[in-house]
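The structure appears right after this line, and notes come after that.
The values are calculated or read from the model by the stated rules, or taken from the named source; none is laboratory data. No experiment lies behind these values; they were computed from the predicted model shown. Methodologically, a virtual Cβ is constructed for each residue, glycine included, from the backbone with ideal geometry; neighbour enumeration extends over all protein chains shown.
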Amino acid sequence: MADKGFRRKLTAILSADVEGYSRLMGDDEEATVRTLTSYREVLSTLIQQHNGKVLDSPGDNLLAEFVSVVDAVQCAVAVQKEIHARNEELSDKRRMQFRIGINLGDVIQEEGRIYGDGVNIAARLESLAEPGGICISKTAFDHIESKLPYGYDFIGEQTVKNIAKPVGAYRVQLDPRVTVSGKSEKSAKSKRRQILAGAAVVLVLAIAVGIWQFYARRPTVEPASVEKMAFPLPDKPSIAVLPFRNLSGDPEQEFLSDGFTEDIITTLAKLPRMFVIARESSFTYKGKSAKAQDVGRDLGIRYILEGSIQKQGDRIRISAQLIDAKNGHHLWAEKFDRGQQDIFKLRDDVINEIAVALELELTEGQWLPGWGGITKNFDAYIKVRQSLEHFRRFTPDENILSKRKAKEALELDPDYSGAMQMVAWALSMEGLYGTTKTPEKSIEEAFELAQKALIKGDDDAGVRYLLGFVYVNKGQFEKGVSEVKVARDLFPNSAEINAGLGMILNDAGRHEEAIPPLKNAIRLNPIPPSWYYVNLGTAYRNTGRYEKASLEYKKAVQLQPDNMFAHMHLALCYVNLNQLEAARAEAAEVVRIDPDFSLARYINNASWRSEDAKQRRIDEMRKAGFPE
């Protein structure tokens, strides 16, 4: 066979055809050919973007191959979503729907074409797919079950033409799911019964019939065990918003999907009757296929919001669904399509739907505006999201990048409160990082920007929190505490503001008062950023509870090994425990992270509430062996 140019290989095969093609041609040949030509270009482009190759496209059929099954399924989902969106612009009679089959199998390749049972099985699976749907073989499913966040319905062993043995087949649910179903072929019947039960509840809740039809084919989510929850359920509706999945195929659009998720989290948290898990904890599930009951149990919450977001040109399409993790029911689901300038309107529409589903009464404008204010410049919005991402990494270099991105956003929209705040935050950290020779000037610039943002009135809680931090850097500790308490009163469900209040109370020497808001922050954010633990450790250390303090610092180091402040405070803790060798090891870690770190630079750039506190810190750092 080698002489004839044949070779065998294992490949992922995608076969697609148009459902009802003969009818469409009979109704209007020219319109059908135009639509098919346009849609075939869509398929070819998406196949290429997903590292695939079109091998043949006779008539209404298309055959493609992929090195990876993951790429093939992701491509198929993107194809069906794009075709669905384009069909909405056509009359019902002219809409064209594709069926897609995917198989992983051994094929023979000859001069750019492939043959064999692997191809035939993909074609047979295509015929089993629903219009607008995807059907995959068990061999393909086995390779993607834990890799992609979609739902799968096992439809049994299928006897297909010209294939000796029955083929196990699964239908792919197109929207990202918290759970991955189809674990066992034997469970298919019980899952169908659960689906019907879930649908009945949806009907009782008066969810629209169309939404019921959309979800009736999907597996329900297993219920969470209240008794096994890591935390007691709050006495008000509690929710975790999982990261919205980016369906654009463009990694740069992660800033959009992540930013939209965070906007939803922040805005929901402003509702006084809601308990909302903070961003850091929700984002630990990004890219993972976690079960709803596990999320509910680990975070101690009742409801889960999940969804997807896709930007194409100047349009943004969003799919969202609300799940009750306690009983597995879908309370609400909807799809939205807006211009990119309406990103904040999209957020508010989603929140309004959630409020209706949870029977929350909202007053007009109760949750507006969101954190950081609103801009009509989409590019400025994305740059602020990028700035925030850099800032949260808490390193000197990332802080420089954060300020740069925020300034670019401010140039695009000089009235954008969110950009003002991010520039101010980056400026306020320059002294601590030692990246400026004029820290006093940076703090004054930060203060001016914060005041300007406060006058705009777009985000009083966020700006008050920023002002509190700036006041502390100016050495005005009680003013700092006062501002952050105002922010916490305006936004009691914000984990970050609660943690910030604890941090500033520490700076003001009110360490015992710092403990409750820090603990509350960790309940709102059960998988928090490391600085929460650093500040709780500092509160314990300064009240003489050194063992408890060291445990909190170690948690911070475990979360973020390169957090130099965690290592620095752990060194000080070890000094007070008289474990000087361990203290010196932690001091060495600080120098590893920041080779230019020195005791003098740190002392000169930090704010001190008294000379005694300053001298005590100098003595502790010298005992730990920090370089002078």
Please count how many residues of the stretch 66-79 are crowded, with 22+ Cβ neighbours inside 10 Å and under 20 Å from Lys138 (Cβ atoms).
8
Quick one: would you say Ser127 is among the hydroxyl-bearing types (Ser, Thr, Tyr), surrounded by 19 or more Cβ atoms within 10 Å (Cβ to Cβ), in the same structural domain as Tyr170 (by TED's automatic domain parsing) and at negative phi?
no
Take the residues of the stretch 465-523 that are of a type in the set (Gly, Ala, Ser) and in contact with a Gly (Cβ under 6 Å, 6 or more places away or on another chain): which is nearest to Ser238 (Cα to Cα)?
Ala514
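Quick grid of which residues meet (1) surrounded by 21 or more Cβ atoms within 10 Å (Cβ to Cβ); (2) closer than 22 Å to Glu252 by Cα:
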{"residue": "Thr284", "(1), (2)": "no, yes"}
{"residue": "Leu299", "(1), (2)": "yes, no"}
{"residue": "Tyr303", "(1), (2)": "yes, no"}
{"residue": "Gln310", "(1), (2)": "yes, yes"}
{"residue": "Ile318", "(1), (2)": "yes, yes"}
{"residue": "Asp324", "(1), (2)": "yes, no"}
{"residue": "His330", "(1), (2)": "yes, no"}
{"residue": "Glu334", "(1), (2)": "no, no"}
{"residue": "Arg338", "(1), (2)": "no, yes"}
Just to be sure I understand, how many residues within the stretch 494-517 are surrounded by 22 or more Cβ atoms within 10 Å (Cβ to Cβ) and either at pLDDT 90 or above or more than 22 Å from Pro439 (Cα to Cα) (or both)?
15
Which number in (1) surrounded by fewer than 19 Cβ atoms within 10 Å (Cβ to Cβ); (2) under 23 Å from Ser610 (Cα atoms); (3) of a type in the set (A, V, I, L, M) marks the one condition that Met429 misses?
(1)
If only one of Gly198, Gly132 is modelled with pLDDT under 70 and within 26 Å of Gln321 (Cα to Cα), which one is it?
Gly198
Residue list for the stretch 297-354, filter: of a type in the set (Gly, Ala, Ser), outside any strand (DSSP E or B) and modelled with pLDDT under 85:
Gly313, Ala325, Gly328
Some residue of the stretch 359-379 being among the charged types (D, E, K, R), under 21 Å from the mean Cα position of the chain (by Cα), modelled with pLDDT of 75 or more and surrounded by fewer than 19 Cβ atoms within 10 Å (Cβ to Cβ)
yes
Please go through the stretch 550-563 and pick out each residue that is in contact (Cβ under 8 Å) with a residue 40 or more places away in the chain and either under 10 Å from Trp531 (Cα atoms) or part of a helix (DSSP H, G or I) (or both).
Gln560, Asn563
On the given criteria, is Ala85 small (Gly, Ala, Ser) and farther than 29 Å from Gly116 by Cβ?
yes
Only listed residue being within 24 Å of Arg171 (Cβ to Cβ), out of contact with any strand residue (DSSP E or B) (no Cβ under 9 Å at 6 or more places or on another chain), among the hydrophobic types (A, V, I, L, M, F, W, C) and in the same structural domain as Ala140 (by TED's automatic domain parsing), chosen from Val107, Val42, Val77:
Val42
